[in-house]
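A.B. asks: Before I ask anything, let me first share the structure, which is written out below as structure tokens.
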Amino acid sequence: MVKLLTRITDLILYTSVFTACCATGLCMATERLINIVYPPLISHLHILVFGSSLLVYNTQHIIKWQGYIFGLHKDMRGWYFVFFSLGMFMVIGSLFFLSAEILVTCIILSLFTFTYSWPLLPFKGRKRLREYGWLKILVLTGVWTIVTSILPILYSNKHIMDYPIEVALRFIFIFTLCMIFDIRDMQTDAKSNISTLPNKVGIGNSYLLINAALLIFVLLSVVQYVRYPMPVRLAGAVLTAIATRLVVSYLDKHPSGKAYLALADGMMLLYAVLILAPNP
């Protein structure tokens, strides 16, 4: 039974099903604010976001395959193809029901996503955006911010400029999580001559930057509360900030691939669940 549960957990984490749930949850949290009512679990946007996450991350796993990934047995590769195919099916199926504005945004996001992970840039030596240290975290944070905040705003036929705090909040939150993963990858990036933000400022300053980002996240949440007095949302933001800091401390002492995926990514799902909790 324990082996079966471990295997199921590995499948959910390493095929990015969990990450897809986190991305969809953040979209729903955005929709909860701008539409007041609770969003449906299944919509064309949610299918697009969930499918895109499966498609992008499993494509990366397939391309990077070297027999073993994340310490898993090589038979996981078959699952990568399964969830890649599922993601492709979901993305293609949802595109027929989305507005032209969202489709254009998705095309732009796709360009950034592909040039981030694959050697498509026409430059000598560095052909992927992730190989440019400063761009790595900004591109990844920007893409996640657009997917989980701007796309839901467009899908709800709202104006982006009406929700600047929501977009800023999401950017700061995702930036914090990206910093956690960049700290994890410091040695690997250094060996590849990629000077990421943690490599530039050092591990100590990186943790200070995370603390500062979480403080800004809470302050922006207070500002958002003044504009949209939703106690559940403010409480959810504060609890998420506290939980994220505890996760940072835990990962510093107990780093592992599974812990990073379950806990760091899990902060997105925690935030979404807390925001979507019914008002008392």
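A.B. asks: Of (1) outside any helix (DSSP H, G or I); (2) surrounded by fewer than 17 Cβ atoms within 10 Å (Cβ to Cβ), I194 satisfies all except one. Which?
C.D. replies: That leaves (2) as the condition not met.
A.B. asks: Then there is this: Consider F70 carefully, then state whether it is in contact with a Leu (Cβ under 9 Å, 6 or more places away or on another chain), surrounded by fewer than 21 Cβ atoms within 10 Å (Cβ to Cβ), at pLDDT below 95 and of a type in the set (F, W, Y).
C.D. replies: yes
A.B. asks: Does any residue of the stretch 212-222 turn out to be surrounded by 18 or more Cβ atoms within 10 Å (Cβ to Cβ), closer than 20 Å to T19 by Cα and of a type in the set (A, V, I, L, M)?
C.D. replies: Looking for residues that are surrounded by 18 or more Cβ atoms within 10 Å (Cβ to Cβ), closer than 20 Å to T19 by Cα and of a type in the set (A, V, I, L, M), one finds none in the stretch 212-222, hence no.
A.B. asks: Considering only the stretch 135-142, I want to know if a residue exists there that is without any contact (Cβ under 8 Å) to a residue 12 or more places away in the chain and either polar (S, T, N, Q) or assigned to a helix (DSSP H, G or I) (or both).
C.D. replies: yes
A.B. asks: Sticking with this structure for a sec: Looking at the stretch 168-223 only, could you name the residues that are more than 17 Å from D265 (Cα to Cα), small (G, A, S) and touching a residue at least 24 places away in the same chain (Cβ under 8 Å)?
C.D. replies: A168, S192, S195, S206, S221
A.B. asks: Next question. The conditions are (1) closer than 16 Å to L246 by Cα; (2) among the polar types (S, T, N, Q); (3) more than 16 Å from the chain's Cα centre (by Cα), and T176 fails exactly one of them. Which is it?
C.D. replies: The one condition T176 does not meet is (3).
A.B. asks: For the stretch 144-178, which positions are among the small types (G, A, S) and assigned to a helix (DSSP H, G or I)?
C.D. replies: Result: S149, A168.
A.B. asks: Next question, about the same structure. Does L263 qualify as being in contact (Cβ under 8 Å) with a residue 24 or more places away in the chain and assigned to a helix (DSSP H, G or I)?
C.D. replies: In short, no.
A quick yes/no check of all residues on (1) surrounded by 14 or more Cβ atoms within 10 Å (Cβ to Cβ); (2) in a helix (DSSP H, G or I); (3) on the phi < 0 side of the Ramachandran plot:
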site: I180; (1), (2), (3): yes, yes, yes
site: K200; (1), (2), (3): no, yes, yes
site: P229; (1), (2), (3): no, no, yes
site: R245; (1), (2), (3): yes, yes, yes
site: L251; (1), (2), (3): yes, yes, yes
site: K258; (1), (2), (3): yes, yes, yes
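A.B. asks: Taking the condition of being farther than 16 Å from R32 by Cα and under 12 Å from the mean Cα position of the chain (by Cα), how many residues in the stretch 146-161 meet it?
C.D. replies: Residues flagged as farther than 16 Å from R32 by Cα and under 12 Å from the mean Cα position of the chain (by Cα) within the stretch 146-161 amount to 1.
A.B. asks: Additional query: Provide a single number: the residues in the stretch 10-45 that are without any contact (Cβ under 8 Å) to a residue 12 or more places away in the chain and in a helix (DSSP H, G or I).
C.D. replies: Counting residues in the stretch 10-45 that are without any contact (Cβ under 8 Å) to a residue 12 or more places away in the chain and in a helix (DSSP H, G or I) gives 1.
A.B. asks: Give the stretch 261-280 a look and list any residue that's buried (at least 20 other Cβ atoms within 10 Å of the Cβ) and touching a Lys or Arg at 6+ places or on another chain (Cβ under 6 Å), or say none.
C.D. replies: I275 - this is the single residue of the stretch 261-280 that is buried (at least 20 other Cβ atoms within 10 Å of the Cβ) and touching a Lys or Arg at 6+ places or on another chain (Cβ under 6 Å).
A.B. asks: Check F175 against each of (1) under 21 Å from P39 (Cα atoms); (2) modelled with pLDDT of 95 or more and name the one condition it does not meet.
C.D. replies: (1)
The values are calculated or read from the model by the stated rules, or taken from the named source; none is laboratory data. Source: prediction; values computed, not measured. Every residue, glycine as well, gets a Cβ built from its backbone with ideal geometry; the counts of neighbours run over all protein chains shown.
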